[in-house]
Amino acid sequence: MTELVNYIITALVDNKDEVSVTEDGDVIVVKVAKDDIGKVIGKQGRIIKSIRSVVKAAAAKQGRNCTVEIDE
């Protein structure tokens, strides 16, 4: 799951070197630069909701339950 989230997040942000995706059990924690947080969240949270939907569907195929959190 971390590879999928890392791929999606790095496509969205400008500072690709500051992207960090870690997995803590069923929670995937994403850290990005402060300038890029808005790009990951999107207007009214639409982009992060979409990322969470994709990860949830991919995790369900594997029989898991994963969530995505943004660490500021």
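Brief remarks on what is shown
- Test for Ile9: is it under 20 Å from Ser53 (Cβ atoms), surrounded by 13 or more Cβ atoms within 10 Å (Cβ to Cβ) and in contact with an Asp or Glu (Cβ under 7 Å, 6 or more places away or on another chain): no
- Qualifying strands (runs of 3 or more DSSP E) (wholly inside the chain; at least 1 residues being free of Cβ contacts under 8 Å to residues at least 40 places away in the same chain and acidic (Asp, Glu)): 20-24
- Checking every residue in segment 36-51 against the condition of being surrounded by 15 or more Cβ atoms within 10 Å (Cβ to Cβ) and either touching a Cys at 6+ places or on another chain (Cβ under 9 Å) or farther than 15 Å from Thr10 by Cα (or both) gives zero matches.
- Residue in segment 16-29 that is farthest from Asn65 (Cα to Cα), counting only those that are open to solvent by less than 60 Å² (accessible area, probe 1.4 Å) and in contact with a helix residue (DSSP H, G or I) (Cβ under 6 Å, 6 or more places away or on another chain): Val19
A quick yes/no check of all residues on (1) modelled with pLDDT of 95 or more; (2) basic (Lys, Arg); (3) more than 10 Å from the chain's Cα centre (by Cα):
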residue: Ala33; (1), (2), (3): no, no, yes
residue: Arg46; (1), (2), (3): yes, yes, yes
residue: Ile51; (1), (2), (3): yes, no, no
residue: Arg64; (1), (2), (3): no, yes, yes
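- Of all the residues in segment 52-64, those that are charged (D, E, K, R) and open to solvent by less than 100 Å² (accessible area, probe 1.4 Å) number 2.
The values are calculated or read from the model by the stated rules, or taken from the named source; none is laboratory data. As the structure is a computational prediction, the values presented were derived from the model and not from experiment. In this analysis, Cβ positions are derived from the backbone assuming ideal geometry, glycine residues included, and neighbour counts consider all displayed protein chains. Ligands, DNA and RNA are stripped out before the accessible areas are found, and what is left, the full protein with its side chains, is counted by its heavy atoms. Shrake-Rupley method; radii C 1.70, N 1.55, O 1.52, S 1.80 Å.
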